[in-house]
Amino acid sequence: MRSYMPLLTLLLSMTAVAQKQTYDIVSYTPPKDWTEKQSGSNISYSRIDGGSWAQIAIYQHRNCEGDIQTDFDKEWNELAASNKAISSPERTMPQTEDGWTVMSGSGIWQYNGANVASVLTVYSNNRVCISVLCNATAQPYLKDYQALIGSLDLNPDGVSEIAATENPSSTAAANTPANNGNASIAGLWCDYVLETTAYTINGRPQYTAGYLRKEYTFHPDGTYIFRNKQWLTKTKDILFIYETGTYSVSGNQLTITPDKGKGEFWSKTNSSKEWGKLVKSSDYKVEKVTYSFEIIQDPAYGNSIVLKPGKPTERDGGKFNAPNDPYEFRYKKREQLGTLIDNPPGFQIK
């Protein structure tokens, strides 16, 4: 499928003549003289010219949320706007061709005093969606992004082929336990939630600049770090919690034994990415907990660990699921993407 992105003033007609390459279900012409890097969740291209720079990333496909508007909102909040004081995106109208619907949006944010334009293009065929993101400080880079988008071809048949390769047993295994109780849980596991207002537009929640982030880092040597940062527009201060200790796994039982931990309130600045001054300590208490756990392959979020303590915990919090459901907390594997929690000034954990 020949795709294009009519965004703002980028109404260009481009024809790609360079040789294409394939990533996931996408074939495209990569930008010339950009540095390529591939991780577990995306392939990216970067370029630096003096004080100007840009990044383009093509993300692996994932299951649709329902329609292109919902898919775009989810991708924008997770890929483009996460951890940034970024304006609401200026959007294009959805366009459909060859069974795929495409929608684009852009917003401006600041990094080290420079304006950065983020442009996101999302494709959906009501089964899967795939996203391409550009962050750029100068207009010429956006032309390279436009050229890549103009060269892009999507192969819907590749979805079933990739799924069969990743899970040769059957697609029915999605969202079912992927461990037998002895699987390693080492790695970074996160629970990120964006703050919303009380309003919706066309059924879509309206987000603020606030967020709640919790992370477990389980090291192979049996030690762990837990961190919780809450920057909410509805509260006066930033809440930061950290904990260190040891963990052990026996069958499907995970026991977490803290040796030290602390909760603190910090003042805010004008940016959600900055820390103010330490205000006071919280009443946070360390707590040894044994969880039943399972590792599942969630069709929407990928590899996740589900912790089931049967009660509220100091670390994980209270019940957020349905009233009649058991207490459980879900954390997504995030090793390739890295942490989104920054530490307060002067804070270090060995």
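The values are calculated or read from the model by the stated rules, or taken from the named source; none is laboratory data. The structure presented is a predicted model; accordingly, all values stated were derived computationally and were not measured. Every residue, glycine as well, gets a Cβ built from its backbone with ideal geometry; the counts of neighbours run over all protein chains shown. Accessible surface areas use protein heavy atoms only, side chains included; no ligands, DNA or RNA. Shrake-Rupley method; radii C 1.70, N 1.55, O 1.52, S 1.80 Å.
Tabulated results
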read-out	value
Long-range HN-HN contacts of S39 with modeled amide H, under 5 Å	S44
Rough spin-label spacing in nm, given labels placed 7 Å along Cα→Cβ, for S88 and Y111	2.5 nm
Charge sum, other residues only, whose C-beta stays under 10 Å from Q230's C-beta, Lys/Arg counted +1 and Asp/Glu -1	+1
Among 245-252, 134-141, the order from most to least packed when residues are scored by Cβ within 10 Å on average	134-141, 245-252
By accessible area with a 1.4 Å probe, ligands and nucleic acids excluded, highest first: order of H61, H219	H219, H61
Most to least accessible of T121, T200 (protein chains only, probe 1.4 Å)	T200, T121
Charge context of P205, other residues only, Cβ under 12 angstrom, K/R +1, D/E -1	0
GluC sites (Glu not before Pro) within region 35-113: DSSP coil, no more than 16 neighbouring Cβ in 10 Å	E65
10 Å beta-carbon shell around T257, net charge (K/R +1, D/E -1)	-1
Distance-filtered residues of region 213-255 - backbone nitrogen under 16 Å, label point 7 angstrom along V279 Cα→Cβ	229-241
